[in-house]
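Below is one structure, written out as structure tokens; the observations come after it.
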Amino acid sequence: MTENDLIQKCKKGSREAFNILFSRYQSQVINTAYGMLSDKEDACDAAQEVFIRVYKNIDSFKEQSSFTTWLYRITVNVCSDILRKRQRNSDIISINSFTDDNKDFDIPDESPTVEENMELSERQAAVRKAISELKEEYRTVITLCDVEGMSYENIAEVLNIPHGTVKSRINRARNALKKKLMKKRELF
């Protein structure tokens, strides 16, 4: 069944069609949210909120852009809301922040040695930490471009900003990442 068929069925109230859309895009939404939020639980919560909004607002999808663009726009908006809430509640310390749950997102590879896996894990953690320290606008474009592999044009459409702005933000984000990662030069 095509994406357009599923959307039309969703607009008519088909839960089965919505479940198929959910299955197709759930991991992409979680990965994007994780890239922006750097927290597994927050990413899963964000994904849940994204799909609630999709379900409630599917009738407002005008099909002038692709469904994935609309979905990423909702994802970015939900993650931005969560980041704003975090800033307001920055005085609150979570006991979960003292645990390292990031291991769950590592892709296990049986061929490398234990030492190689540890080095890889350290590099990934350093990159995730550096991305999480970026300004929200830079974190968003880096996640969409370098983690999700979206084109500049799609990012511009998702964020509703000019193509040139996307290019400059990605350039600034990469430069900021490079400076942050230079402190961990031994990992790279």
> So, of the residues in segment 34-75 that are in contact with a Ser or Thr (Cβ under 6 Å, 6 or more places away or on another chain) and within 18 Å of L159 (Cβ to Cβ), which turns out to be surrounded by the most Cβ atoms within 10 Å (Cβ to Cβ)?
Replying inline: T75
> Which residue pairs have Cβ atoms under 7 Å apart, sit 6 or more places apart or on different chains, and have a first residue in segment 140-160 that is over 12 Å from I170 (Cβ atoms) and a second that is aliphatic (A, V, I, L, M) and crowded, with 19+ Cβ neighbours inside 10 Å?
Replying inline: V158/V76; V158/L144
> Restricted to segment 141-183, and to residues that are open to solvent by 30 Å² or more (accessible area, probe 1.4 Å) and touching a Gly at 6+ places or on another chain (Cβ under 8 Å), which residue is farthest from K129 (Cα to Cα)?
Replying inline: E148
>> Against the definition (in a helix (DSSP H, G or I), without any contact (Cβ under 8 Å) to a residue 12 or more places away in the chain, open to solvent by 70 Å² or more (accessible area, probe 1.4 Å) and among the acidic types (D, E)), how does E186 come out, yes or no?
In response: yes
> Within the set of pairs 6+ apart or on separate chains, which have a first residue in segment 8-24 that is open to solvent by 70 Å² or more (accessible area, probe 1.4 Å), a second that is at pLDDT below 95 and assigned to a helix (DSSP H, G or I), and C-beta atoms under 7 Å apart?
Replying inline: K9/A17
>> So for segment 50-64 (the condition being closer than 26 Å to I131 by Cβ, out of contact with any Leu (no Cβ under 9 Å at 6 or more places or on another chain) and in contact (Cβ under 8 Å) with a residue 12 or more places away in the chain), does at least one residue qualify?
In response: yes
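The values are calculated or read from the model by the stated rules, or taken from the named source; none is laboratory data. If you're wondering where the values come from, they're calculated on a predicted model, not measured in any experiment. Positions of Cβ are backbone-derived with ideal geometry, glycine not excepted, and every protein chain shown enters the neighbour counts. Calculation scope for accessible area: heavy atoms of the full protein, side chains included, ligands and nucleic acids excluded. Shrake-Rupley method; radii C 1.70, N 1.55, O 1.52, S 1.80 Å.
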